[in-house]
Amino acid sequence: MNYKKFIAFSISFLAVFFGNIIYILSCGGGEIDPYDYYISYFNAYTKGQGYEPFYFTSLSNYYDNATPDEATVNVQDWRNYADDKSVSIDDIYRYIYQYDREQMAQIADCSAKGQTCAFADSVRSNSFAMYLANPKHTDAARYLLFAKDCEKVVYNPDPWSDRGNLTPEMTALYDQGKGLLAGVKDKDIAQRYKFQLLRLTHYRKLYKETVEAFDKDFGKAGSNNLIYNKALALKAGALYHLDDSVNAAYLFSKVFAAEPGLREMAFLNVRWTNTAATDIFALCRNNKEKANAVALYSFQSPFVDLTPLRMAYQLDPAAPALSPMLTREINKLESEFFTPRVAKAADSIGLDLGYYSYMDYYDETKGINYRDSALALQRFADEAVQKGKVQDLDFWKVSAAYIAFIRKDLSGAKSRLEKYPVQDPAIKDQWELVNLLVTLNEQKQLDQAYEAKLLGSLKWMETKLGKLNQDEYWYNSDKKLFFNKAMRNILATIIAPAYHKQGDYTKEALVRGRCDSLRLGTSPYGAEDMVENQMSAEQLIALHTFLKSENKTAYEKYLVSHFPKDLNMELAIGIAYMRVSNFTAALPWLKKVPTAAQPASYQIWVDQLQDFGEDTATAKHRTLITASQFCEEMVRLLGLTKKKPVSAAVYHKIATGLFNISYYGKTWFMLKEFRPSTLWYTAKCEKDPFERQYFGVYDAEIFYTKAAQASTDKEFKARCLFLAARCAQKHVPDNEDDKLYYLSLVRNRYFPVLASNYNQTALYRKVYDQCSYLQDYVIESRKKK
Amino acid sequence: MRLFLLICITLLFASCHPAVERHPEPAFYFWKQSWTGNPVELQYLRQLPAQKLYIKMFDVTPDAVSGKPIPVAVFNQQVPLPAEQPVVPVVFIMNEVWAQLKDSLAMADFTGKTTRLLESLTKTLPGKSISEIQIDCDWTQTSSSPYFNYLTKLKEQPFFKGKTISATIRMHQVKYRTSSGTPPVDKGLLMCYNMGDLRKAGDHNSILDLETMKAYIGSDRISNYPLPLDIALPLFNWTVLFEQGQYKGILRNIGETELSNHELFIPQGKQLFVVKNDTLINGYLLRKGSELRREITNVKLLKSAANLLAEQKQDYSPTIIFYHLDAATLKNYPLHELQEIYRLFN
């Protein structure tokens, strides 16, 4: 490779490289939304409250915060403690989590002195602050002040601040807390003090003492409240540091079972213990605890695996974790089995939905495992429903029906739905959704009769949609947008492909329009893209006529009401005709489009010896040429070719116009909105009349050749032949063998005549320096001689 | 003829490079989070004697929730460090951090934060003043651009004025210098350990292996490196656990003593041990059939490595830093042996 070629290569490489980056950035940074990367119709939030962190996504450590969270439980505990109807939950929250130390100190002081104090309005209006200011509640007020003091040594709100050695401060607080505890009679407040002391012990790395203090202060307490469980977690952590990992894991599993708000913490700590569920079985007091342990460990795995679910069920069929475990398995099957299958079906009708899985592509041979897994899950769910021991029986019934659906067993899904009517409203919604999926998939043809029914279903779904604010469109969990995503999936991956398959592009476009209005993306293209880039002129005219017609069904009116209003159909039709070089047909449509709305060019008639530069105004080319003016001129020029003799200039101008609106031309934007730098001519382009010309520029080559033949000027002939050579180079099929590909480029059919008959022309001398393929051809020919 | 002889003699002398007289300085890394004033560590520090103590002040890692860089494992002195001990603060930055620092604002914020925390933490360090600061990051070709940009920005911070900035250089970054790039700092620290694939099962030593080292440094990659290079040598051992050929982790408190128990472990090959039965040992649950690989760096191996490294001399007296000052492992490395090792770089 000589240096010129190297530079040319480098430039094209950079173009490809940066082209990619732009492409990725334009697609949202190339990041995959962890809440929306496979097709799902199964709402994890239906059942499984408290296990939200472990709802399935393989792209994030945790899915959502558990409910109720720690603060909610803590606030409720304080409300129960106060046992005073005038104290509001919100005021307790504000006091504990938002008040500063000074405010708390003032209240504690006032409460201790038993005086009437002058409080700020904000404090006076806080029912909990006023409750604490009462001298009867001095212990509680003083405790909360102490807790506030402890907060600053156990929590660092700014990780970038230097905290230094906090041990002396923690020791001082510990001593102070001991003293305060001694004067407290209320057992709830005493327990909270003991928890603070235990935490200060643990954070000073006094692990043996932590275990001893827990056993002394909490060991006998039968209570199972938040404070107890937080203390138990401290003991578990201390045991871990004392190398008793199995006991530590067991105690963390107990915390996991008892307190949703502490589940994420307990789960993470169990991972540190390097144990398996069965390792802690010996410590479990009953099968309920063992089932909880199995569930906890199973939440670590993103892979399809029925074993833990089956094991947990055998241990405790009423275990609360079974429902979220089942949902996880269903979601995993959706991700790895169902989505690739839907994508493959769409692929077969020419729609690339853009989903992918760990398996890369759905492969029948690899898919067998998932089919077996899905069948095993089906049998398991059916059996659980039959025995009726699970906690959320209705949920399991709908799950069994949905598993049948994702297994493509539509009659099995239908019979289960019929057999299992459900009452719970949340589960009823899931039931309706599965029912809709089954009936939709049963349809061989989407006809008017079914469309009427479908309208009812779509309107029902609309009542379930979450509100999507203007500034958000992704990174939303299914808590808020499950039905939005389900509706998007139904429209984009079932209904639109169905119309596409039956050749009804008008309805396909309308459905895509409805999908676009959900603002969650329409795969693989939305209505606007379909109109402006995908549809043929005939299809667009049909859509245009339909949109204007008065005679529409209710279903059609519904779809049209969501169709983008600002699409310029006349322009789209004109451009679609231009794509297949039908300039005569394009012209009347384009003439209806205001000049300012048409794509326009300065250099559309300037031939290109190289693929560089932009179509901008220059000193020589100051006149703007609109798409309709271009078509008008093309129609005139093509008309001239019918009367012989035809001048070389006419042929040359036609060829230049055709080349310039191709992928390589400066005026590429006349036919396409976007030119990715990664596309090129491939053999596939031969099948599509537009792509054949856009990437293969065959017609431009023919007209340049005719121009060369018609001319008598040697310089002009040389120019046209070189331009024809450039066109010929564009449709050299790609070859995996770089050498062969390079040889086909060097052996351009126009090079021999250029090199032998025109090597004395100024044009030849100019392009010889620019075109390394021509140089290599000449060098190769000389060697042969 | 006389002229010819004169030319020959001149050429002969010109081709001889004068031997560089070097005065390597010994030093230690301190990579633990808390300085507790352990007597063994103090003894090694004083008697080596360590001209510098490289202390890791904090790690920077992406936050699990926000993805933003946060400092973790911040160094603390439970008792004061020896007075007058020159200290080089080190910051370890995980390579994943750079992906989050896409724009110049984020980079400026990060530079400011690391500088401020470093400045605050160094106030309590002994020694007259901090003359060197080291940044440790296993950068890759992709992350080199933001990382190098960060290093350049650091230099512009007032706190770094007049201070030497050094950066750690991994073996692969020396071998693939063109693609890795050279960090824009005053000097480098060549990490002569962790050169193999820790996670790959099999009977090999991922900490230090002479053949691997030769392949990395070649015959002149150190001497030709465009930055003066200090050298770090390992003083640690560990045991690596594999279950069914899969890497599971490093077991820090299972060593020769535990592995010599043939009731529990069957030795295999040079440094492998197979677990006989499910066993709970020192807080680890080991399953039957799992493999443990004991990786050690003994004095003999260290000397061979030092000799190999010393063959390539830069015109610079390197600091030889032993990684790291930890009483638990120092017993395997007598002081006089460490003194002999750093002098091999003379």
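The values are calculated or read from the model by the stated rules, or taken from the named source; none is laboratory data. Predicted model only: the values in this text are computed from it and were never measured. Glycine also receives a Cβ, built like all others from the backbone with ideal geometry; neighbour counts cover every protein chain displayed. Ligands, DNA and RNA are excluded from the accessible area calculation, which covers all protein heavy atoms including side chains. Shrake-Rupley method; radii C 1.70, N 1.55, O 1.52, S 1.80 Å.
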Within region B:278-296, can you find the residues that are open to solvent by 30 Å² or more (accessible area, probe 1.4 Å) and within 14 Å of chain A (Cβ to nearest Cβ)?
B:Asp278, B:Leu280, B:Asn282, B:Tyr284, B:Arg287, B:Lys288
Quick check: anything in region B:325-334 open to solvent by less than 50 Å² (accessible area, probe 1.4 Å), under 24 Å from B:Ala167 (Cβ atoms), within 18 Å of the chain's Cα centre (by Cα) and among the polar types (S, T, N, Q)?
no
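Looking only at region A:162-177, which residues are open to solvent by less than 40 Å² (accessible area, probe 1.4 Å) and not aliphatic (A, V, I, L, M)? Show your work before the answer.
The initial filter retains those residues of region A:162-177 that are open to solvent by less than 40 Å² (accessible area, probe 1.4 Å), namely A:166, A:170, A:173, A:177.
Within region A:162-177, A:Gly177 is the sole residue that qualifies.
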B:Met195 - would you say it is assigned to a helix (DSSP H, G or I) and open to solvent by less than 20 Å² (accessible area, probe 1.4 Å)?
no
Just the residues that are farther than 20 Å from A:Ile495 by Cβ and charged (D, E, K, R), please, taken from region A:522-574.
A:Glu532, A:Glu538, A:Lys548, A:Glu550, A:Lys565, A:Asp566, A:Glu570
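Looking at region B:302-311, is at least one residue acidic (Asp, Glu), more than 14 Å from chain A (Cβ to nearest Cβ) and loosely packed, with under 15 Cβ neighbours inside 10 Å? Outline the logic, then answer.
Step one: filter region B:302-311 for residues acidic (Asp, Glu), giving B:311.
Filter again for more than 14 Å from chain A (Cβ to nearest Cβ), leaving B:311.
Pick out the ones that are also loosely packed, with under 15 Cβ neighbours inside 10 Å and you get B:311.
So far as region B:302-311 goes, yes, one or more of its residues are acidic (Asp, Glu), more than 14 Å from chain A (Cβ to nearest Cβ) and loosely packed, with under 15 Cβ neighbours inside 10 Å.
Does B:Phe30 qualify as being within 12 Å of another protein chain (Cβ to nearest Cβ), touching a residue at least 24 places away in the same chain (Cβ under 8 Å) and either of a type in the set (Phe, Trp, Tyr) or under 29 Å from A:Tyr63 (Cα atoms) (or both)? Full working, then the answer.
Working: within 12 Å of another protein chain (Cβ to nearest Cβ): no; touching a residue at least 24 places away in the same chain (Cβ under 8 Å): yes; either of a type in the set (Phe, Trp, Tyr) or under 29 Å from A:Tyr63 (Cα atoms) (or both): yes.
So B:Phe30 does not fit the description; no.
B:Tyr176 - would you say it is more than 24 Å from A:Arg163 (Cβ to Cβ), away from every other protein chain (no Cβ under 14 Å), open to solvent by 20 Å² or more (accessible area, probe 1.4 Å) and not β-branched (Val, Ile, Thr)?
On the way: more than 24 Å from A:Arg163 (Cβ to Cβ): yes; away from every other protein chain (no Cβ under 14 Å): yes; open to solvent by 20 Å² or more (accessible area, probe 1.4 Å): yes; not β-branched (Val, Ile, Thr): yes.
Criteria met by B:Tyr176.
Filter region B:265-300 down to the residues that are touching a residue at least 60 places away in the same chain (Cβ under 8 Å) and acidic (Asp, Glu), then identify the one that is nearest to A:Val246 (Cα to Cα). Before you say what the answer is, go through the steps one by one.
Within region B:265-300, the first condition is being touching a residue at least 60 places away in the same chain (Cβ under 8 Å), and the residues that meet it are B:268-272, B:291, B:293, B:295-297.
Those still in the list that are acidic (Asp, Glu) too: B:291, B:295.
Working: B:Glu291: 21, B:Glu295: 27 Å.
Taking the candidates together, the pick is B:Glu291.
A quick yes/no check of all residues on (1) surrounded by 14 or more Cβ atoms within 10 Å (Cβ to Cβ); (2) hydrophobic (A, V, I, L, M, F, W, C):
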position	(1), (2)
A:Lys687	no, no
A:Ala700	yes, yes
A:Ala728	yes, yes
A:Ala755	yes, yes
A:Arg765	no, no
A:Gln770	no, no
A:Asp776	yes, no
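If you check B:Ala108 against the conditions, is it more than 13 Å from chain A (Cβ to nearest Cβ) and either in a loop (DSSP other than H, G, I, E, B) or open to solvent by 40 Å² or more (accessible area, probe 1.4 Å) (or both)?
Working: more than 13 Å from chain A (Cβ to nearest Cβ): yes; either in a loop (DSSP other than H, G, I, E, B) or open to solvent by 40 Å² or more (accessible area, probe 1.4 Å) (or both): yes.
Answer is yes for this residue.
I'd like the residue in region A:609-627 that is in contact with a Gly (Cβ under 9 Å, 6 or more places away or on another chain) and crowded, with 17+ Cβ neighbours inside 10 Å and, out of all such residues, is nearest to A:Cys771 (Cα to Cα). Don't jump to the end; show me each part of the working.
First, pick out the residues of region A:609-627 that are in contact with a Gly (Cβ under 9 Å, 6 or more places away or on another chain): A:611, A:615, A:627.
Remaining after also requiring crowded, with 17+ Cβ neighbours inside 10 Å: A:615, A:627.
Details: A:Asp615: 22, A:Ala627: 32 Å.
My answer is A:Asp615.
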From the residues in region B:127-149 that are modelled with pLDDT of 95 or more and among the β-branched types (Val, Ile, Thr), which one is surrounded by the fewest Cβ atoms within 10 Å (Cβ to Cβ)?
B:Ile133
Would you be able to tell me the number of residues in region A:734-753 that are surrounded by 14 or more Cβ atoms within 10 Å (Cβ to Cβ) and not in a helix (DSSP H, G or I)?
3
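Give the residue that is nearest to the other protein chains (Cβ to nearest Cβ), with candidates limited to residues of region B:258-277 that are polar (S, T, N, Q) and open to solvent by 50 Å² or more (accessible area, probe 1.4 Å). Lay out the reasoning, then the answer.
The first filter runs over region B:258-277 and keeps only residues polar (S, T, N, Q), leaving B:260-261, B:268, B:271, B:277.
Right, trim to open to solvent by 50 Å² or more (accessible area, probe 1.4 Å) and you get B:260-261, B:268, B:277.
Details: B:Ser260: 20, B:Asn261: 17, B:Gln268: 23, B:Asn277: 14 Å.
Only one residue fits best here, namely B:Asn277.
Can you say whether A:Ala257 is under 24 Å from A:Lys194 (Cα atoms), among the aliphatic types (A, V, I, L, M), more than 14 Å from every other protein chain (Cβ to nearest Cβ) and crowded, with 19+ Cβ neighbours inside 10 Å, as far as the supplied structure shows? Spell out the reasoning first.
Working: under 24 Å from A:Lys194 (Cα atoms): yes; among the aliphatic types (A, V, I, L, M): yes; more than 14 Å from every other protein chain (Cβ to nearest Cβ): yes; crowded, with 19+ Cβ neighbours inside 10 Å: yes.
Answer is yes for this residue.
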Residues A:Ile495, A:Ile490, A:Ile541: which one is open to solvent by 40 Å² or more (accessible area, probe 1.4 Å) and either touching a helix residue (DSSP H, G or I) at 6+ places or on another chain (Cβ under 9 Å) or within 30 Å of A:Met578 (Cβ to Cβ) (or both)?
A:Ile541
Could you list, ordered by first residue, the pairs with Cβ atoms under 7 Å in which the first is in region B:155-168 and within 18 Å of B:Cys137 (Cα to Cα) and the second is surrounded by fewer than 19 Cβ atoms within 10 Å (Cβ to Cβ) and of a type in the set (Gly, Ala, Ser), at least 6 apart or interchain?
B:Thr164/B:Ser131
Out of (1) part of a loop (DSSP other than H, G, I, E, B); (2) open to solvent by less than 70 Å² (accessible area, probe 1.4 Å), the one B:Thr124 does not meet is (2)
If I filter region A:188-206 for residues that are open to solvent by less than 40 Å² (accessible area, probe 1.4 Å) and assigned to a loop (DSSP other than H, G, I, E, B), do I get at least one hit?
no
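Would you mind listing the helices (runs of 4 or more DSSP H) fully within region B:234-346 where at least 2 residues are within 30 Å of B:Ile169 (Cα to Cα)? Can you show your working first?
Numbers: elements: B:256-259, B:299-310, B:327-330, B:335-343.
Of the helices (runs of 4 or more DSSP H) lying wholly inside region B:234-346, those with at least 2 residues that are within 30 Å of B:Ile169 (Cα to Cα) span B:299-310, B:327-330, B:335-343.
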Note on A:Val246: of the conditions (1) within 11 Å of chain B (Cβ to nearest Cβ); (2) hydrophobic (A, V, I, L, M, F, W, C); (3) under 23 Å from A:Phe195 (Cα atoms); (4) more than 38 Å from the chain's Cα centre (by Cα), unmet is (3)
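For A:Ile625, are the conditions met, namely being farther than 20 Å from A:Arg749 by Cα, more than 38 Å from the chain's Cα centre (by Cα) and of a type in the set (A, V, I, L, M, F, W, C)? Lay out the reasoning, then the answer.
Working: farther than 20 Å from A:Arg749 by Cα: yes; more than 38 Å from the chain's Cα centre (by Cα): yes; of a type in the set (A, V, I, L, M, F, W, C): yes.
Yes.
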Among helices (runs of 4 or more DSSP H) completely within region A:390-443, the ones holding 3 or more residues that are within 22 Å of A:Asn484 (Cα to Cα) and in contact (Cβ under 8 Å) with a residue 40 or more places away in the chain are A:393-406, A:425-442
When residues of region A:133-184 are limited to those that are assigned to a loop (DSSP other than H, G, I, E, B) and hydroxyl-bearing (Ser, Thr, Tyr), the one farthest from the other protein chains (Cβ to nearest Cβ):
A:Tyr155
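For region A:681-702, state whether one or more residues are of a type in the set (S, T, N, Q) and under 52 Å from the mean Cα position of the chain (by Cα).
Keep residues of region A:681-702 that are of a type in the set (S, T, N, Q), which gives A:682, A:693.
Adding the requirement that they be under 52 Å from the mean Cα position of the chain (by Cα) leaves A:682, A:693.
Among the residues of region A:681-702, at least one is of a type in the set (S, T, N, Q) and under 52 Å from the mean Cα position of the chain (by Cα), which makes the answer yes.
Which of the helices (runs of 4 or more DSSP H) found entirely inside region A:270-347 contain at least 1 residues meeting this: open to solvent by 30 Å² or more (accessible area, probe 1.4 Å) and touching a residue at least 40 places away in the same chain (Cβ under 8 Å)?
Numbers: elements: A:287-298, A:307-315, A:322-333.
Correct list: A:307-315.
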Across region A:402-422, the tally of residues that are open to solvent by 70 Å² or more (accessible area, probe 1.4 Å) and closer than 20 Å to A:Lys387 by Cβ stands at 2
